[in-house]
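The next block holds one structure in the form of structure tokens; read it before the comments.
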């Protein structure tokens, strides 16, 4: 197969699936992973996709749920900075909810030495925090999703209904002034909607790449949340919009 033909087929695959791994493509096209990495580098230089450790993804499409394995290393500096800023809002004795986002996973890594109760439906967060006896963990179980390494479905929603928390830290797929806070996955969006009524404070944790976009399912409007923690300086338009909706803005720097 000609290299140009393979690249065009990779484009078709990632346009449909939104994310893909290097190993998956190498197996499909019977070439080395190094060849695939060169192809992905070429397509990134074209502006078609964003490479990550082990794969690539695109931002386009309202239904765009990227595998957690791909998401975990995307915008890593931003996620670490957001987690550090979130730490300023968490106090010993709090009961908090951490959702299935990779940014919430970085928050879990930042709170390991605190005395907290943590509710979550993320298997990664449960696995990490289970090492620390000072953290009381409540796992919201249900149907396991391999794509997000989390528990979803009706039973997850039912168990969540038993609890209330001081603070929820949850991500989303997109934020739009016109369409509100939206997600790509309906089941994940429903869980996040349920948290709105079960938390004293709701904080959206979102890096700069999620602003001015709209995804498949509405989670809520901005007047339903208390704050947004983000990495880069927001535009004056966004700052004014959030202040009009009584949303606290917590911005952090990714400078090392």
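Within region 156-201, the ratio Rg/Rh, alpha carbon atoms throughout and Rh by Kirkwood, equals 0.99. Among the listed values (i) 1.08; (ii) 1.04; (iii) 0.98, the one computed from these coordinates for Cα Rg over 2.2 N^0.38 Å is (ii). Starting from the Cα of residue 177, move 7 Å in the Cα-to-Cβ direction to define the label point; list residues of region 202-227 whose amide nitrogen is under 18 Å from there. From region 202-227, the list is 208-215, 221-224. Note the angle between two axes, namely the Cα long axis of helix 33-45 and the longest principal axis of the Cα atoms of the chain, as a number of degrees from 0 to 90, rounded to the nearest 10. With rounding to tens, the tilt is 80 degrees. Which parts of region 159-193 would a label at residue 246 reach, counting a residue when its backbone N lies under 13 Å from a point 7 Å out along Cα-to-Cβ? No residue qualifies, since no backbone N sits under 13 Å from the label point.
Against the chain, whose longest principal axis comes from its Cα atoms, helix 3-17 is set at around 30 degrees. So what's the gap between the Cα centers of region 23-62 and region 176-226, to the nearest angstrom? So the two Cα centres are separated by 29 Å.
Calculated on the Cα set of region 114-168, radius of gyration then Dmax: 11.4, 31 Å.
Sorted by mean Cβ packing within 10 Å, highest first, what order do the peptides 171-178, 97-104, 140-147 take?
Peptide ranking by packing, descending: 97-104, 171-178, 140-147.
Using the Cβ-Cβ distance between residue 155 and residue 4 with R0 set to 35 Å, the FRET efficiency works out to roughly 0.10.
Nearest 10 degrees, 0 to 90: what angle lies between the long axis of helix 76-87 and the longest principal axis of the chain (Cα atoms)? It works out to around 0 degrees.
Can you figure out the FRET efficiency of residue 209 with residue 186, using R₀ = 25 Å and their beta-carbon distance, to the nearest 0.05? Don't jump to the answer; show the numbers that get you there.
Working: r = 22 Å, r/R0 = 0.86.
It comes to 0.70.
Peptides 30-37, 191-198 ordered by packing proxy, namely the average of other Cβ atoms within 10 Å per residue, highest first: 191-198, 30-37.
We did not get these values from a lab; they are worked out from the coordinates using the rules stated. Since the structure is predicted, the reported quantities are computational estimates derived from the model, not experimental observations. FYI the Cβ positions are ideal-geometry reconstructions off the backbone, even for glycines, and counts take in every protein chain you see.
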